[in-house]
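Below is one structure; the comments refer to it alone.
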Amino acid sequence: MARKKILLVDDSSTALMMNRMLLSKEPYDVVTARDGAEAVEKALSEHPDLVVMDVVMPRMTGFEACAALRANAATRTLPVLLVTTRGEGENVERGFEAGCTDYITKPVNGAELIAKVRNVLGTGA
C-alpha cells in the first residue's frame, strides 16, 4: 500500500518541526510549505493526501489558501486541517466557510492531531 503524503504548512519553523516529529512516528511522507501561497503551489505539484495548515501566515492566510484549494478543480476535494491559536467560534466558522475539513487549536495536542489525521486519511488503527 502506498504511503500517504501530508503537506504541513506553517510560517513557524518550530511548529513545522514539532508537527513533523509527531507525524514521523506514523507511516506518512511529509512535505512542508512556509505560507499559504507556497501551500497552494505545493498542493498542485506534490499531490498530497492531506494538508495540515496554520491560519495566520504571511502572503496568504490559511483561510485564503483553503479557499484557493477549493476553487481549483485539481485540489477541490483535498482534505485540509486548519491549525491555529484562533479557536473562537467566528474563526472556526470562517475556516469551515473557506472549505476546511476539520479544525485544530494550538497548542497542538499530539494525540488529537494524529487521531484527526488518521480519521481523515482512513488510516486509523
Arrange Thr32, Thr77 by Cβ neighbour counts within 10 Å, fewest through most, would you?
Thr77, Thr32
Just want the ordering: Met53, Met60, from fewest to most Cβ atoms lying within 10 Å of their own Cβ.
Met60, Met53
Among Val40, Ala2, Ala15, the residue whose Cα sits farthest towards the positive end of the charge dipole of the chain (+1 at Cβ of Lys and Arg, -1 at Cβ of Asp and Glu, taken about the Cα centre) is Ala2
Rounded to the nearest 500 deg cm²/dmol, what is the calculated helix-only ellipticity per residue at 222 nm for the chain, with -39500 (n - 2.57) per DSSP H run of length n ≥ 4?
-13500 deg cm²/dmol
Fraction of beta bridges assigned by DSSP in the stretch 4-121 that are antiparallel (%, nearest 5)
0 percent
When the dipole is taken about the Cα centre of the chain, and only Lys, Arg (+1) and Asp, Glu (-1) are charged at their Cβ, what size is it in debye, to the nearest 20?
380 debye
Count the lysine pairs in the stretch 4-121 whose Cα atoms lie under 21 Å apart, taking only pairs 8 or more positions apart in sequence or on different chains.
9
Just one of (i) 34, 31, 25; (ii) 49, 46, 29; (iii) 49, 36, 15 is Cα extents along the principal axes in Å calculated from these coordinates, so which is it?
(i)
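Local charge sum around Leu22 (other residues, Cβ-Cβ under 15 Å, Lys/Arg +1, Asp/Glu -1)?
My count for the surroundings of Leu22 gives +1.
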GluC sites (Glu not before Pro) restricted to DSSP loop in the stretch 27-125 with at most 12 other C-beta within 10 Å
Glu88
Arg76 neighbourhood, Cβ < 15 Å, K/R = +1, D/E = -1, net charge 0
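How do Thr84, Thr105 line up, fewest other C-beta atoms within 10 Å first? All intermediate terms of the calculation are to be shown ahead of the outcome.
Numbers: Thr84 23, Thr105 16.
Sorted ascending by nearby Cβ count, the order is Thr105, Thr84.
Just so you know, all these numbers are worked out from the coordinates, no wet-lab data involved. Small disclaimer: the values here were computed from a predicted structure and weren't measured. Note: ideal-geometry Cβ built from the backbone for every residue, glycine included; neighbour counts use all protein chains shown.
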